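Only one structure is covered here, and it is reproduced in the block below.
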Amino acid sequence: MSSEIKNTLPQQQNVARQDVAQQIAKLREKIIYYDEQYYQENASEISDYAFDMLLKQLNSLEDQFPELRTPDSPTQRVGGTITKEFPTVYHDHPMLSLGNTYSQEELSEFDQRVAKAIPDHHYEYFCELKFDGVAISLLYENGILSRAATRGDGVRGDDITHNARTIRTIPLKVKGNDFPPRFEVRGEVFMPLSAFETLNQQREEAGESLLANPRNTASGTIKMQDSAVVAQRKLDCYVYALVGVHLPADTHEEAIHLLEKWGFNVSPTYRKCPDIQTVFDYVNDWEKRRLTLPLDTDGAVIKVNSHQQQRLLGNTAKSPRWAIAYKYKAMDAATVLEDIRYQVGRTGAITPVACLKPVPLAGTIVKRASLHNANEIARLDLRLGDTVFVEKGGEIIPKVTGVDLDKRPAHSQPVVYLDHCPACGTKLVRKEGEAHHFCPNVEGCPPQIKGRLEHFIQRRAMDIDSIGKETIAQLYQTGLVHNPADIYTLSYDDIHALEGFKDQSTKNMLAGIEASKQAAFENVLFALGIRYVGRTVAEKLAMHFEHIDDLMAASYDQLIEVPEIGERIARSVIQFFENEDNRKMIAQMKEAGLQFAIKKNASDQESTTLNGKTFVISGVFQQFSRDELKAKIKSNGGQVVSAVSGKLNYLLAGDKMGPAKRQKAESLGVTIITEQEFLNMLG
């Protein structure tokens with residue numbers, strides 16, 4: 001090769017890299033714009049598919065040129081980082097708690113204290129709603145999000161940066177250029193009511209226990225180890241404070257407007273109030289209007305607006321003297337318990353529901369309320385005819401919280417929990433350690449059968465649009481469908497004979513059934529309705545075992561090796577596949593052409609470096625989850641096995657690996673390698 005050609009190659013590579021850098025910059029600009037339109041303006045200028053394609057294109061370019069990937073790239077929002085532990089970090093400025101008040105008299109006393117501390121000076125207040133979420137501190141350096149931390153004890157908290165990046169309304173990069181080189185933003189991470197309802201619906205369909213309220217769910221989610229799961233939970237964040245030194249704002253109002261200008265998500269429910277009477281107007285106005293908001297609120301925060309006056313008022317050891325929280329009382333109502341009805345879920349769980357004399361509560365008419373289980377009924381000592389107190393838990397699900405014993409009817413008797421299924425009459429069972437009673441008649445209880453069929457066709461499972469709840473009821477009542485596999489045996493004549501079906505609707509349903517055969521393995525696995533196997537668990541099991549046959553043959557020990565698969569899920573999976581009827585159903589589905597293996601693309605193959613090599617993975621790793629290591633080995637030609645034997649090539653050992661595997665590997669002469677040595681093998 002001539003020297004001229006040698007000299008031009010680096011130039012060509014530099015030009016190509018510059019072109020890619022420009023492409024990446026344009027893609028990021030587009031994605032950030034569409035993100036802001038969707039999450040801040042509630043507008044969608046392109047389809048979800050088109051947006052996903054842009055994100056996929058950007059991710060592909062960053063994979064090819066990893067040196068061009070930056071912390072503020074939109075690809076960093078999708079998650080995927082596994083955090084084994086959350087490091088403790090110290091806040092630049094303490095995160096103080098607020099003093100609480102429940103009466104306007106105490107608000108007047110607060111105003112008098114402020115007036116006394118600022119004599120002969122005009123002062124004003126800035127009022128914001130107090131959202132029921134999890135406090136977060138966001139540190140920005142040169143306009144880039146560098147750290148996110150929980151409040152902790154106010155002085156130090158947990159570093160949750162990877163999880164915070166998945167929240168779409170938290171800017172990874174600040175807009176404009178008029179910001180300080182280092183500043184902190186305080187906010188509240190929350191789960192919108194709609195996202196909470198959807199999540200609980202998914203858990204109910206998976207046979208999992210329901211989550212108590214959005215606040216606790218947000219708190220648990222932000223500390224999850226897998227940021228990909230956090231991204232799926234659709235958390236949101238409102239910010240309410242700008243903190244730092246030499247800030248370009250003299251008042252809290254100015255700081256809030258700066259945050260809005262820089263691209264932060266500020267709730268538009270704030271108001272500047274010139275005096276305490278205007279503050280009263282604000283809190284009274286929002287006491288009812290708050291029910292129209294997309295998240296829970298439990299009060300309002302009143303702050304002295306001037307930063308100089310805030311410094312003059314100072315802080316106590318725990319809270320600022322220039323701010324106070326006004327808490328709204330829980331909304332409840334009293335009404336009569338007329339009856340208790342029992343619902344049967346698709347997993348056989350029995351749920352008691354209180355039938356109430358209709359009563360207005362939190363903007364709606366409440367006729368029913370959750371009673372959870374037999375333990376709750378006994379705890380409340382409920383009796384028909386009781387006057388009960390009803391409260392909206394998390395402003396969503398009405399629940400009975402107590403009984404007015406003064407109004408209890410004479411000669412009333414405690415509620416006796418039913419002992420036979422209300423649908424099929426089978427004697428109920430209650431497993432040790434579980435709160436719910438269950439109907440064990442899995443194959444003969446109509447609500448369970450129809451519930452499993454409805455679960456199977458839903459959008460997140462097989463996504464058969466042309467079949468709805470009413471159609472499922474008809475198919476079951478006519479005897480055409482008893483389990484999900486029967487759907488794939490339906491003929492034109494079977495469907496056309498159903499009430500309301502004509503030629504085109506029949507063809508649409510057949511087309512929908514046929515299209516569902518292409519649903520991915522993880523969808524099919526979720527659709528099977530195995531108890532405790534929700535969508536996320538189904539994805540992890542599918543990725544780990546790759547084929548239904550391997551999953552069906554998996555032992556208890558092999559199942560609990562899968563990240564986030566515990567004893568309860570493992571035993572449920574084993575029990576499901578031990579059932580001969582379930583195995584026959586899966587055989588029918590295989591014959592019908594459903595997908596029972598992970599589809600592999602040629603592009604997934606990175607190299608043949610590990611061809612013919614076998615690995616056992618054990619322990620906890622810093623840079624990869626076990627599933628990611630498994631995928632990495634396979635994409636480079638290697639094979640992952642579950643047991644150490646004399647034929648094994650490598651034991652890939654992480655932290656906290658069990659001593660038994662190491663001893664066996666050493667006794668058999670198997671090579672033991674670390675995570676870094678594995679990466680060195682891949683070059």
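The values are calculated or read from the model by the stated rules, or taken from the named source; none is laboratory data. In this text, all values refer to a predicted model and were calculated from it rather than measured experimentally. No Cβ is skipped: glycine too gets one built from the backbone with ideal geometry, and neighbour counts run over all protein chains shown.
Key figures for this structure:
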{"read-out": "Hey, Ala241 out of contact with any Pro (no Cβ under 8 Å at 6 or more places or on another chain), among the aliphatic types (A, V, I, L, M), not assigned by TED's automatic domain parsing to the domain that holds Pro398 and not in a loop (DSSP other than H, G, I, E, B) or not", "value": "yes"}
{"read-out": "Qualifying positions in region 520-557 - hydrophobic (A, V, I, L, M, F, W, C) and under 19 Å from the mean Cα position of the chain (by Cα)", "value": "Phe526, Val533, Val537, Ala538, Leu541"}
{"read-out": "Residue match in region 311-319 (condition: surrounded by fewer than 18 Cβ atoms within 10 Å (Cβ to Cβ), under 33 Å from the mean Cα position of the chain (by Cα) and of a type in the set (Gly, Ala, Ser))", "value": "yes"}
{"read-out": "Qualifying residue in region 491-510 (condition: closer than 30 Å to Val573 by Cβ, at pLDDT 95 or above, out of contact with any Cys (no Cβ under 9 Å at 6 or more places or on another chain) and not in a helix (DSSP H, G or I))", "value": "no"}
{"read-out": "Counted residues, region 144-198 - those being aromatic (Phe, Trp, Tyr) and either without any contact (Cβ under 8 Å) to a residue 60 or more places away in the chain or more than 26 Å from Asn213 (Cα to Cα) (or both)", "value": "2"}
{"read-out": "Test: residue in region 268-277 that is part of a helix (DSSP H, G or I) and hydrophobic (A, V, I, L, M, F, W, C)", "value": "yes"}
{"read-out": "Residue satisfying all of: in region 515-571; hydroxyl-bearing (Ser, Thr, Tyr) and part of a loop (DSSP other than H, G, I, E, B); nearest to Arg626 (Cα to Cα) among these", "value": "Ser555"}
{"read-out": "Filter result for Asp178 (among the acidic types (Asp, Glu), in a strand (DSSP E or B) and in the same structural domain as Leu291 (by TED's automatic domain parsing))", "value": "no"}
{"read-out": "Counted residues, region 337-352 - those being surrounded by fewer than 16 Cβ atoms within 10 Å (Cβ to Cβ) and either assigned by TED's automatic domain parsing to the domain that holds Pro94 or hydrophobic (A, V, I, L, M, F, W, C) (or both)", "value": "0"}
{"read-out": "Residue count, region 176-197 (criterion: over 25 Å from Ala300 (Cβ atoms), in contact with a Gly (Cβ under 6 Å, 6 or more places away or on another chain) and acidic (Asp, Glu))", "value": "0"}
{"read-out": "In region 195-224, residue surrounded by the fewest Cβ atoms within 10 Å (Cβ to Cβ) [restricted to those that are hydroxyl-bearing (Ser, Thr, Tyr) and modelled with pLDDT of 80 or more]", "value": "Thr198"}
{"read-out": "Residue check for Thr347: in contact with a strand residue (DSSP E or B) (Cβ under 6 Å, 6 or more places away or on another chain), in contact (Cβ under 8 Å) with a residue 24 or more places away in the chain, of a type in the set (Val, Ile, Thr) and assigned to a loop (DSSP other than H, G, I, E, B)", "value": "no"}
{"read-out": "Subset of region 406-418 [without any contact (Cβ under 8 Å) to a residue 12 or more places away in the chain and under 18 Å from Leu371 (Cα atoms)]", "value": "Val416"}
